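Nothing in this text is a laboratory measurement; each read-out follows from the coordinates by a stated rule. These numbers come from a predicted model, not from an experiment. Backbone-built Cβ (ideal geometry, glycine too); neighbour counts: all protein chains shown.
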Amino acid sequence: MQKLLYIPIFSIALLVSSCSANRKVDDAKTTDHLIPVTSLITKDTLLYKEYVTDIHAVRNVEIRARVEGFLEKRYVDEGQQVKKGQRLFRINDEEYKAALAKAKANLKSAIAGAKAAQLEVDRVRMLVEKKVISTTELGVAEAKLSAAKAKIDEAHSAQDNASIRLSYTYIRAPFDGIIDRIPLKVGSLIDEGTLLTTLSDNREVYAYFNVSENEYLTYIKAAQKKLDTNHDVVELTLADGTRFSHQGKIETMEGEFESGTGSIAFRARFANPEKILKHGSTGRIRLTSDITGALMVPQKAVFEIQDKNYVFVVDRNNKVKMKSFTPRNRISYFYISGSGLEVGERIVYEGVQNLREGMQIQPQYISMDSLIARAP
């Protein structure tokens, strides 16, 4: 009985040992098909960064009433192009005409009062010279003349103010632009400060976009060292995905970072002669920067494990080994390696999902230049 039990147990051990040996052989065997392999090289390239942007007209103002009254006439329509000084609205002016007429009458009265006071001064001075009355009477007369002249100044000021308020009944365009929505209708009673419409000059626009502190430092250092001649040139992608026909230029940036996001706002200016862009539009800013000696890694060659990026490096014996690296940026269908990989290393370009550590492959070499040339 003991011998009979020993034979099956020994057979099972041999079977397990044979399976393990076969597995090792399978892991180390050469694949039966060619695996695309490429060599890492460096290239001078352009790096594109995109940012969400808000578009504002260079000049955009609210047109508000400066006097109260009934809206009597509207000379323009929504969306209309207007010229500087063109009439936009008229407020009923009867009250302001009456106020101006009253101010003019008060001015005339003040002038007449001053003339009478001047005559009184002349009369009193003559009597003082004849020693008919004391000099104190002359002082009183001259004081009354000064008061009368002050009333003239006051009346002049009141007349000017009435004239200005009358002119405010006609609302005119402060510059060339496009009329926005007009919320009020003719006959509406409006107060001083009521919003009548908005006027936008869209011949040029500002595009505001936020960048991180790291990207800000990269931009500033490139500008200071003059390493990148295009560092301040930007392109605009419209909301429908099309490229805006004019390039913009970064003009300035805010003075401090936002504490909540750690970003800072840049401002670029775009010419808009066709007036395609409107105040309040959105889009995406593309910022281009030159990168010298970028180590290019095809995205097809990269795989992730636990948020780390890896490639399969091929050694002299055509065996593959996993190697991690840190991407610096991503452009088109490539990563730019920041660290972990070196120029000249051979990596598996495609088919990494079918490979295992230590597997020997049959490499099919593909030039990195050809991969870059084929990239969209």
- Message: From the phi angles alone, apply the Karplus equation (6.51, -1.76, 1.60; θ = phi - 60°) to region 365-372 and give each ³J(HN,Hα) in whole Hz, x where the residue is Gly or Pro.
- Response: 6, 10, 5, 5, 4, 5, 5, 5
- Which Cα, out of Tyr51, Gln159, Ser39, lies furthest along the positive dipole direction of the chain (beta carbon charges, K/R +1, D/E -1)? Gln159
- So, in Å, what gap is there between the alpha-carbon centers of region 301-329 and region 165-184? 65
- Message: Apply the Karplus curve 6.51 cos²θ - 1.76 cosθ + 1.60, θ = phi - 60°, to the phi angles in region 51-57 and return the couplings in whole Hz, x for Gly and Pro.
- Response: 9, 5, 10, 10, 9, 10, 5
- Message: Taking the number of other C-beta atoms within 10 Å as the exposure measure, put Leu217, Leu236 in order starting with the fewest.
- Response: Leu217, Leu236
- Taking the simple approach of a point 7 Å from Cα along Cα-to-Cβ for both Asp44 and Ile133, what is their distance in nm? 9.8
- Query: Between Glu254 and Val140, how many nm apart are label points set 7 Å from Cα along the C-beta direction?
  - Reply: 7.0
- Query: Once amide H atoms are placed 1.01 Å from N in the peptide plane, what residues at a sequence separation of 5 or more from Ser281, or on another chain, have their amide H within under 5 Å of its amide H?
  - Reply: Ile55
- Task: Mind listing the long-range amide H neighbours of Ile63? Cut-off is under 5 Å, sequence gap 5 or more, other chains count too, H placed in the peptide plane at 1.01 Å from N.
- Result: Leu196, Thr197, Thr198, Leu199
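Starting from the Cα-Cα distance between Ser332 and Gln353, subtract it from 0.36 nm times their residue separation and give me the gain in nm to one decimal. Walk me through the intermediate numbers first.
Details: separation 21, 0.36 × 21 = 7.56 nm, distance 2.17 nm.
This chain segment gains 5.4 nm when fully extended.
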- Query: For the chain, with the dipole built from +1 on Lys and Arg beta-carbon atoms and -1 on Asp and Glu ones, taken about the Cα centre, which of Val124, Phe312, Thr197 lies farthest toward the positive end?
  - Reply: Val124
- Query: Could you give the angle, 0 to 90 degrees to the nearest 10, between helix 135-167's Cα long axis and the longest principal axis of the Cα atoms of the chain?
  - Reply: 40
- Once the Cα atoms of helix 94-129 and of the chain are each reduced to a long axis, what angle between those two axes, in degrees from 0 to 90 to the nearest 10, is obtained? 50
- What list of ³J(HN,Hα) couplings, whole Hz, do you get for region 267-275 from phi and the Karplus terms 6.51, -1.76, 1.60, once you set θ to phi - 60° and write x for glycine and proline? 10, 10, 10, 10, 6, 9, x, 7, 6
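On a full-extension model of 0.36 nm per residue, what is the gain between Asp307 and Glu62, subtracting their alpha-carbon distance, rounded to one decimal in nm? Write out the running numbers ahead of the final one.
Numbers: separation 245, 0.36 × 245 = 88.20 nm, distance 5.06 nm.
Here the answer is 83.1 nm.
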- Message: 5 Å is the cut-off here: which amide hydrogens, built 1.01 Å from N in the peptide plane, fall below it relative to Gln364, excluding neighbours closer than 5 in sequence?
- Response: Ile35, Val37
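Which value, in debye to the nearest 20, describes the size of the charge dipole of the chain about its Cα centre when Lys and Arg Cβ atoms bear +1, Asp and Glu Cβ atoms bear -1, and nothing else is charged?
Details: 54 positive and 48 negative charges, 80 e Å.
Approximately 380 debye in magnitude.
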- For region 264-335, the count of lysine pairs 8 or more apart or interchain whose alpha-carbon atoms are under 17 Å apart comes to 5
- Message: Among the listed pairs Lys102/Lys144; Lys73/Lys115; Lys83/Lys185; Lys104/Lys144; Lys104/Lys131, which have their C-alpha atoms separated by more than 32 angstrom in this model?
- Response: Lys73/Lys115; Lys104/Lys131
